[in-house]
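Below is one structure, written out as structure tokens, with a few remarks after it.
The values are calculated or read from the model by the stated rules, or taken from the named source; none is laboratory data. Computed from a predicted structure; not experimentally measured. Cβ placement follows ideal geometry from the backbone for every residue including glycine, while neighbour counts extend to all protein chains displayed.
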Amino acid sequence: MNPVLKLILEGERLTTAQIGEVLNLSRQEVEAEYEKLKTEGVLLGWRPILNPDFIAGKEVHAVIEVKISPEREGGFDRLAQRISQFDHVESCYLMSGGYDLLVFMRADSLHHVASYVFERLSTLPGVLSTATHFMLRAYKEQGYLLGEETLTDKPSMSF
Amino acid sequence: MSRFVAKHVAGLPRSGIRDFFAIVAQMKDAISLGIGEPDFVTPWGIREATIFALEQGKTSYTDNRGLNALREEIADYVAELFDVSYDPEDEILVTVGVSEALDTALRAIINPGDKVMYHEPCYVSYSPSITLAHGIAVPIITKAEDAFAMTAEALAEAWEPGCKALLLNFPTNPTGGTVARETLQKIAAFAQEKDMIVISDEIYSELTYEGEHVSIASLPGMRERTLFLHGFSKAFAMTGFRIGYACGPKDLIDAMMRIHQYGILCAPIMSQEAALEALRHGQDDMLFMKERYQQRRDCIVERFNKMGLKCHKPKGAFYAFPSIADTGMGEVDFAKALLEQEKVAVVPGTAFGSGGKGFIRASFATSYDNILKATERMERFLETRCQGVSA
């Protein structure tokens, strides 16, 4: 794996200069790696990972299972791309198994999710059915464990 | 009531560093590079296996020597990694960490007044453990110019009549020193010539970043005069499990077993189960942690050298051991002032014996964020405290 990518995936917040120092690259070389990763479509963007408990009350998270009928040309792609266009849709995947698309969405309220599903999603031609699940609580968010107690009496010095 | 304390215990030096540790413990926002253990929590697979063992009701004593399955797994692991074979039946003893293995090994072989050679700077317990076993500790000083590898010449020079054993620890805490095969061969030849038994604590062996790790037990003629000690604390991030083992010729392991059975009975079964899991499925996690230590080592060593603290690149373990001699400060004053002024904790080199004079130990088993912040603070500290130092 690209060393710059590998390092940023570790999840520590390092500046370009610091990454350069760690990997023995110049700042320009690290910037060039970023550009390359972006051009290649590997690196899509940057976002902080927030604790869902912090967001709770401001947003609701829903997961929607969608059954759709594939089209003669393009299969599931066109409809999946249409569904993905909505701003509230965070992620959209084609799945194997009992349904076709798995849609992750965020909205201000339960009502917003409901109106999206009823008015926009289920009325799209080709959408056969939907099943909407609301997230109640997060235990792990993108690799970060939540609610794990840290050991407080671990010695801060030892031999 | 101090008159009741045994003389050899009363004579043990009380570590002055403990007071320093207490100050660090109370300082909330200090960055500590003074921790002698991995910053990783034990891999989940190993923790989960321990929980499962408890659920299964595995809470009893085990065979004094340790679980059969564990001894068999240890035999395979040691044969593969260290190129030396031991019979799980009577040549392997599972202990409460390498600490117990070392203590038991020393007690098994030392008659009062026997001399035991060890290299310094070294882990803090070696000299006291020798004393507690009624032996006499004979230090061999390793030097920065040799990257703290022990040389055969230094060994020969330190040797004196009455030396019965040689205690080795490579890679070394606190210096990260390792010994190349050729040097180890000379050390082995010397041990044979002087008829010494070797106790080799190889707890950091998996964390060897450059060159091969060679166990002295694997060299010709050494298996019969070596007690090989190893454990799970460092490579598998299992310090709190307190689990290790000793391998050696039958007679010696039997002698250790007798002390162990009366003193300890057996290592805790849940820790033994955890160790079994580590050997069976813990390799990937171990290699993942090792890779991270190596990257962090390169970063911290470069930063120390840049700021004017001469530092060799340790080939093993997870400690950098830079010289602070050019600052004109003593290592204890340096550590105290650094903590006071910049809230960065390091361990003064003399905590590891007089050979550590003029050095500090900084652990790099921590996040980049901590390493970068701590070294930035140290650079600022050097700028304000010691104008004389320059890169």
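Tabulated data
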| read-out | value |
| --- | --- |
| Any hit, the range B:289-307, residues being more than 11 Å from every other protein chain (Cβ to nearest Cβ), in contact with a Cys (Cβ under 9 Å, 6 or more places away or on another chain) and surrounded by 18 or more Cβ atoms within 10 Å (Cβ to Cβ) | yes |
| Any hit, the range B:380-389, residues being touching a residue at least 40 places away in the same chain (Cβ under 8 Å) and either within 12 Å of another protein chain (Cβ to nearest Cβ) or touching a Lys or Arg at 6+ places or on another chain (Cβ under 6 Å) (or both) | no |
| Residue identified as more than 11 Å from every other protein chain (Cβ to nearest Cβ), at pLDDT 85 or above and loosely packed, with under 10 Cβ neighbours inside 10 Å among B:Phe4, B:Phe40, B:Phe52 | B:Phe4 |
| Condition check for B:Leu12: within 21 Å of B:Asn173 (Cβ to Cβ), assigned by TED's automatic domain parsing to the domain that holds B:Arg296, surrounded by fewer than 15 Cβ atoms within 10 Å (Cβ to Cβ) and aliphatic (A, V, I, L, M) | yes |
| Lone qualifier among A:Glu29, A:Glu12, A:Glu33 - being touching a residue at least 12 places away in the same chain (Cβ under 8 Å) and of a type in the set (Asp, Glu) | A:Glu33 |
| Number of the condition not met by A:Val66 [criteria: (1) surrounded by 16 or more Cβ atoms within 10 Å (Cβ to Cβ); (2) at pLDDT 95 or above; (3) not in a strand (DSSP E or B)] | (3) |
| Some residue of the range B:268-283 being surrounded by fewer than 19 Cβ atoms within 10 Å (Cβ to Cβ), within 13 Å of another protein chain (Cβ to nearest Cβ), assigned to a helix (DSSP H, G or I) and of a type outside the set (Ser, Thr, Tyr) | no |
| Hey, A:Glu73 among the acidic types (Asp, Glu), assigned by TED's automatic domain parsing to the domain that holds A:Ala17 and either part of a helix (DSSP H, G or I) or exposed (fewer than 10 other Cβ atoms within 10 Å of the Cβ) (or both) or not | no |
| Counted residues, the range B:340-360 - those being buried (at least 21 other Cβ atoms within 10 Å of the Cβ) and either under 17 Å from the mean Cα position of the chain (by Cα) or at the interface with chain A (Cβ under 10 Å from one of its Cβ atoms) (or both) | 11 |
| Residues of the range A:123-154 satisfying the condition of being within 23 Å of the chain's Cα centre (by Cα) and in a loop (DSSP other than H, G, I, E, B) | A:Met135, A:Leu136, A:Arg137, A:Ala138, A:Tyr139, A:Gln142, A:Gly143, A:Leu146, A:Gly147, A:Glu148 |
| Count of residues meeting criterion [exposed (fewer than 14 other Cβ atoms within 10 Å of the Cβ) and within 17 Å of B:Gln294 (Cα to Cα)] in the range A:10-53 | 2 |
| Failed item in (1) in contact with a Ser or Thr (Cβ under 8 Å, 6 or more places away or on another chain); (2) more than 10 Å from chain A (Cβ to nearest Cβ); (3) in contact (Cβ under 8 Å) with a residue 24 or more places away in the chain, with B:Cys311 passing the rest | (3) |
| Residues (closer than 13 Å to B:Leu167 by Cβ, part of a helix (DSSP H, G or I) and either touching a strand residue (DSSP E or B) at 6+ places or on another chain (Cβ under 7 Å) or of a type outside the set (Asp, Glu) (or both)) located in the range B:100-153 | B:Ala101, B:Leu102, B:Ala105, B:Leu106, B:Ile109, B:Tyr126, B:Ser127, B:Pro128, B:Ser129, B:Ile130, B:Thr131 |
| Extreme residue, nearest to B:Val94 (Cα to Cα), among residues of the range B:56-78 that are of a type in the set (D, E, K, R) and over 25 Å from the mean Cα position of the chain (by Cα) | B:Asp63 |
| Some residue of the range B:90-97 being within 14 Å of chain A (Cβ to nearest Cβ), of a type outside the set (D, E, K, R) and either out of contact with any helix residue (DSSP H, G or I) (no Cβ under 6 Å at 6 or more places or on another chain) or buried (at least 21 other Cβ atoms within 10 Å of the Cβ) (or both) | yes |
| One residue from B:Ser363, B:Ser323 being polar (S, T, N, Q) and surrounded by fewer than 20 Cβ atoms within 10 Å (Cβ to Cβ) | B:Ser323 |
| Count of residues meeting criterion [within 12 Å of chain B (Cβ to nearest Cβ) and acidic (Asp, Glu)] in the range A:1-40 | 3 |
| Some residue of the range B:17-35 being of a type in the set (S, T, N, Q) and in a helix (DSSP H, G or I) | yes |
| Any chance B:Ala49 is of a type outside the set (Phe, Trp, Tyr) and assigned by TED's automatic domain parsing to the domain that holds B:Gly231 | yes |
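Conditions tested, residue by residue: (1) surrounded by fewer than 23 Cβ atoms within 10 Å (Cβ to Cβ); (2) of a type outside the set (Gly, Ala, Ser); (3) touching a Gly at 6+ places or on another chain (Cβ under 9 Å).
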| position | (1), (2), (3) |
| --- | --- |
| B:Cys122 | no, yes, yes |
| B:Ser125 | yes, no, no |
| B:Ala137 | yes, no, no |
| B:Ala149 | yes, no, yes |
| B:Pro161 | yes, yes, no |
